[in-house]
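In what follows, a structure is listed as structure tokens, so that the remarks can point back to it.
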Amino acid sequence: MKYTLGLMDRGGEMELLLRGIVVGVLGTVVMDVLNHLVARTGLLAKIEVRLIGRMAAGWTRGRFRYNHPSEMRQVPNELVYGVAAHYGIGLGLAFIFVLGWELLVGGPASPFWALVYGIATTVASLFFVYPCMGFGVMGLRSPDSLKSFFSSLANHFYFGIGMAAGVALV
């Protein structure tokens, strides 16, 4: 007998996979669109997908941390790497929420808790992504540390809005 974590009786693994994809893609798209719109006003820093691509390319070469962002050299196809990493991270975070909800709570996921979770994922950028890129913990070594901090918080709020919408749709 195949062990299915009890998911088969609630729609199966494929439905769970589809939910995770919808929630993750929608969360990341909403983050990108709202960041693009608000960053044009100068209130937030624009998401630098090419920089994410450089960081991800470094990961493929075994380099996981930079002392300064200038150490991340341009790489061919960095935009492709960046988009893949950005959406891959969004999908991964959404799968954690969707699977965690299924295993720990069960039933339809709450859009409210999807929003709260989306905001909570700010911790990943503040304590993992920024330090990896050489901006330090919470982006404090970036040229405009306060703007970086609030941009990250706003972007993950937007991610949470998209996740909440995705949870409400599927």
> Pick from segment 138-151 the residues that are farther than 20 Å from Arg54 by Cβ and either in a helix (DSSP H, G or I) or of a type in the set (Lys, Arg) (or both): which of them is modelled with the lowest pLDDT?
Replying inline: Ser145
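Which residues, taken from segment 60-75, are part of a loop (DSSP other than H, G, I, E, B), of a type outside the set (S, T, N, Q) and farther than 11 Å from Tyr130 by Cα?
Residues of segment 60-75 that are part of a loop (DSSP other than H, G, I, E, B), as a first pass: 61-68, 72-75.
Checking the rest, the ones that are also of a type outside the set (S, T, N, Q) come to 61-66, 68, 72-73, 75.
Selection gives Arg61, Gly62, Arg63, Phe64, Met72, Arg73, Val75.
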>> For a quick check of your reading of the model, give me the residue pairs whose first member lies in segment 143-159 and is within 10 Å of Ile119 (Cβ to Cβ) and open to solvent by less than 30 Å² (accessible area, probe 1.4 Å), whose second is among the hydroxyl-bearing types (Ser, Thr, Tyr) and not in a helix (DSSP H, G or I), with beta-carbon atoms closer than 7 Å and at least 6 apart or on different chains.
In response: His156/Thr121; Phe159/Thr121
> Looking at segment 102-125, which of its residues are open to solvent by 40 Å² or more (accessible area, probe 1.4 Å) and closer than 17 Å to Glu13 by Cα?
Replying inline: Leu103, Leu104, Val105, Pro108
> Looking at Leu93, is it closer than 19 Å to Pro131 by Cβ and at pLDDT 95 or above?
Replying inline: yes
> Looking at Ala45, Ala114, which is the one that is touching a residue at least 12 places away in the same chain (Cβ under 8 Å), outside any helix (DSSP H, G or I) and of a type in the set (Gly, Ala, Ser)?
Replying inline: Ala45
> Across segment 55-87, what is the number of residues that are open to solvent by 40 Å² or more (accessible area, probe 1.4 Å) and either closer than 26 Å to Val23 by Cβ or touching a residue at least 40 places away in the same chain (Cβ under 8 Å) (or both)?
Replying inline: 13
> Is it fair to say Gly92 is among the small types (Gly, Ala, Ser) and assigned to a loop (DSSP other than H, G, I, E, B)?
Replying inline: no
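The values are calculated or read from the model by the stated rules, or taken from the named source; none is laboratory data. Being a predicted model, the structure only gives us computed values, none of them experimental. FYI the Cβ positions are ideal-geometry reconstructions off the backbone, even for glycines, and counts take in every protein chain you see. Just so you know, the surface numbers come from the protein's heavy atoms only, side chains and all, with ligands and any DNA or RNA stripped out. Shrake-Rupley method; radii C 1.70, N 1.55, O 1.52, S 1.80 Å.
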